[in-house]
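Since every read-out is calculated from the coordinates, none of them should be taken as a lab result. From a predicted model like this one, the values you see are computed outputs, not experimental measurements. With ideal geometry, Cβ positions are generated from the backbone for all residues, glycine too; neighbour counts draw on all protein chains shown.
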Amino acid sequence: VPIAAEVLKKEGVYDKKKLLGVTTLDVVRAKTFYAAKAGVQVEKVDVPVIGGHAGITILPLFSQATPSAPLSDEDIDALTIRTQNGGTEVVEAKDGKGSATLSMAYAGAMMGDACLQGLAGKKDIVECSYVESPVV
């Protein structure tokens, strides 16, 4: 997102309200790992994710996950690390011969569907994304 913003600024067409980065892949991973640990259906889980999209910059907010589950601090730490390293886990599982292409496609479809629902007027559509922020 920062690189795209700079390119658009250079061209004189930047609008911070029209540029966002998709964090849905990290949300999908966090929801999947949380659901498995909590013993709930992943379709009923929501886990907000903030930050960036590289290692420790990915911050899943398991304390705000729904439905709430009584997980220990150790469980939450392990889920956080697994979410942060989800891409590496897939690459290693494929022995370096691929990446999480299906997960990326699923996440892109989810984000696209949410955008289309919002454009169609559906209320309460919430998706995490990267946006420009003055907060450092």
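Structure values in brief
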{"item": "Values of log10 I(q)/I(0), in the order q = 0.18, 0.21, 0.22 Å⁻¹, for region 74-136 under a Debye, Cα-only, solvent-free model", "result": "-0.92, -0.99, -1.00"}
{"item": "Unit charges at the beta carbon, dipole of region 1-108: most positive-side option, GLY108, VAL42, THR66", "result": "GLY108"}
{"item": "Distance between region 89-113 and region 12-77 - C-alpha centres, whole angstrom", "result": "16"}
{"item": "Eligible lysines near LYS17 by straight Cα distance, threshold 21 Å, same-chain separation 8 or greater", "result": "LYS9, LYS122, LYS123"}
{"item": "Net +/- balance of residues flanking ASN85 in space, Cβ distance below 14 Å, scoring K and R +1, D and E -1", "result": "-2"}
{"item": "Protection proxy ranking, peptides 117-130, 41-54, average beta carbon neighbours within 10 Å, highest first", "result": "41-54, 117-130"}
{"item": "Sequence ranges 69-80, 7-18, ranked by mean other-Cβ count within 10 angstrom, highest first", "result": "69-80, 7-18"}
{"item": "Cβ charges +1 (Lys, Arg) and -1 (Asp, Glu), total dipole of region 51-136, debye", "result": "360"}
{"item": "Where the Cα pairs of the chain fall when distances are cut into 10 Å bins, in %", "result": "11, 36, 35, 15, 2, 0"}
